[in-house]
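The values are calculated or read from the model by the stated rules, or taken from the named source; none is laboratory data. Everything numeric here is computed off the predicted structure, so don't read it as measured data. Here the Cβ is made from the backbone with ideal geometry for all residues, glycine too, and neighbour counts use every protein chain on show. Please note that ligands, DNA and RNA were not included when accessible areas were found on the heavy atoms of the full protein model with its side chains. Shrake-Rupley method; radii C 1.70, N 1.55, O 1.52, S 1.80 Å.
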Number of protein chains: 2
Amino acid sequence: MKLDKNNVFANLPSVLPDEIFQTLVHTQHVKIERIMSYGHGSEAGFWYDQDQAEWVLVLQGQAQLEFEDKVITLAAGDYLNIAAHIKHRIKWTTPSEPTLWLAIFYS
Amino acid sequence: MKLDKNNVFANLPSVLPDEIFQTLVHTQHVKIERIMSYGHGSEAGFWYDQDQAEWVLVLQGQAQLEFEDKVITLAAGDYLNIAAHIKHRIKWTTPSEPTLWLAIFYS
């Protein structure tokens, strides 16, 4: 088996025209994703509505997640568990540094 | 739905007689665990031999994971994917600060 460590903070681009989604693990029941944002947010009117639950952790930076009834601000270390089909969108990520997320989609 | 953020770095005890394992998410196919170590290692001769794969990330501190054929040192941000039934043990965690892990067990 390949047993190589990697670092979640490595290879953060200094210019990020679009968000980057990097799949680290993917099986039938779980996907672990590393997401890099840099001032990005979801497009106006766009909402995620997912069949799987999502556990999300901000590793670096700052973000605002919008739900139908509230906005939650996340800074480094903050995590949130979002049940399936809870509509949400990225309202804002800080323009002052890359925001690095770890997202775990699971059923 | 409860939508409360928490912080992985919060409530790190300053004294830690034993490792603490905190389950954050648990379904049939996935378990997300926050683990706090402070100079702890696996007992001599003990090896983990797990039915599920494990994706592990060190969020703070330093650790050495021992495998049958090598030792891998992990610092903050380092992650590793360990397939099911790959025997491993915690050889060492730094005594100078708490080591905080995120472990995702999945099938």
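Find out how many positive minus negative residues lie around B:V8, taking Lys and Arg as positive, Asp and Glu as negative, among other residues whose Cβ is under 10 Å from that of B:V8. Mind dumping the intermediate values first?
Numbers: positive: B:R34; negative: A:D78.
Here the charged neighbours net out to 0.
Residues in region A:14-24 carry Karplus couplings, in order, of 7, 10, 9, x, 10, 4, 10, 10, 10, 7, 9 Hz; the curve used is 6.51 cos²θ - 1.76 cosθ + 1.60 with θ = phi - 60°, and Gly or Pro positions show x.
Excluding ligands, DNA and RNA and using a 1.4 Å probe, chains A and B jointly bury around 3100 Å² of accessible surface, summed across both partners. Suppose we look only past 21 Å in the calculated P(r) of chain A. What percent of the Cα-Cα pairs does that tail hold? Result: 34 percent of Cα pairs exceed 21 Å. A Cα-only calculation for the protein assembly as shown places Rg and Dmax at 17.5, 56 Å.
B:R89 sits among other residues whose Cβ lies under 15 Å from its own Cβ, and their net charge, with Lys and Arg +1 and Asp and Glu -1, is -4.
Using a Gaussian network model of chain A in which every pair of alpha carbons under 10 angstrom is joined by a spring, one finds that among A:L74, A:L57, A:L12 the greatest mean-square fluctuation is at A:L12. Burial here means at least 40 square angstrom less accessible surface with every protein chain in place than with the chain by itself, probed at 1.4 Å; in region A:62-90 the buried residues are A:G77, A:D78, A:Y79.
Per the 1.4 Å probe, what fraction of the accessible area of region B:20-106, in percent, lies on carbon and sulfur atoms?
47
Applying 0.36 nm per residue to the separation of A:Q50 and A:N11 and subtracting their alpha-carbon distance, the gain on full extension is 11.2 nm. With an 8 Å Cα cut-off and a minimum separation of 6 or more residues, compute the relative contact order for region A:10-71 in percent. For region A:10-71, the relative contact order is 21 percent. Taking a straight line from the alpha carbon of B:K5, these lysines sit under 19 Å away, with near neighbours fewer than eight places off in the same chain left out: A:K70, A:K87, A:K91, B:K31.
For chain B, the relative contact order comes to 34 percent (Cα pairs under 8 Å, sequence separation of at least 6).
Per residue, the protein assembly as shown exposes 49 Å² of solvent-accessible protein surface, assessed with a 1.4 angstrom probe and all protein chains in place.
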